[in-house]
Amino acid sequence: MALPNLSEADRQAALKKAAEARQKRAVLRERIKKGEMSFADVMKKSDDPIVARMKVSALLESLPGYGKAKAAKVMEDLGISESRRVQGLGARQREQLMERLG
């Protein structure tokens, strides 16, 4: 797939938008890590573009007591690809994650 030719102004606007989204996801991960938001709270907001575009692995790793190994184990047990984003989870995968972590 060819990338569109963007003007310099469009390119800068896209870079700024992407940086803001990364910053918002970082703030969300920090809130989860501190226990200000539970896994269930995050999943309820899965229609929010910031949450929807977050990788499931990053979300799990943000949970208190979870690191890369534990998150990978949960995803492997439930058959979730490591590249899957929250918006791409199927109904069954969401249900299984909620039973396990919610």
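One table, with the values for the structure above:
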read-out	value
Candidates per GluC sites (Glu not before Pro) in segment 1-94, loop by DSSP, up to 11 other Cβ within 10 Å	Glu36, Glu82
Additional length obtainable on full extension of the chain from Ser46 to Ala19, 0.36 nm per residue less Cα span	7.7 nm
Total lysine pairs under 15 Å (Cα atoms) in the chain, excluding pairs fewer than 8 apart on one chain	8
Shape category assigned to segment 17-56 from the gyration tensor of Cα positions, a/c cut at 1.5	oblate
The chain, helix-only ellipticity at 222 nm - DSSP H runs n ≥ 4, -39,500 (n - 2.57), divided by all residues, nearest 500	-19000 deg cm²/dmol
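Where a number appears in this text, it was derived from the coordinates with a stated rule and is not lab data. Just so it is clear, the structure is predicted and the values come from calculations on it, not from any experiment. Counting neighbours? That spans all protein chains shown, and the Cβs are built from the backbone with ideal geometry, glycine included.
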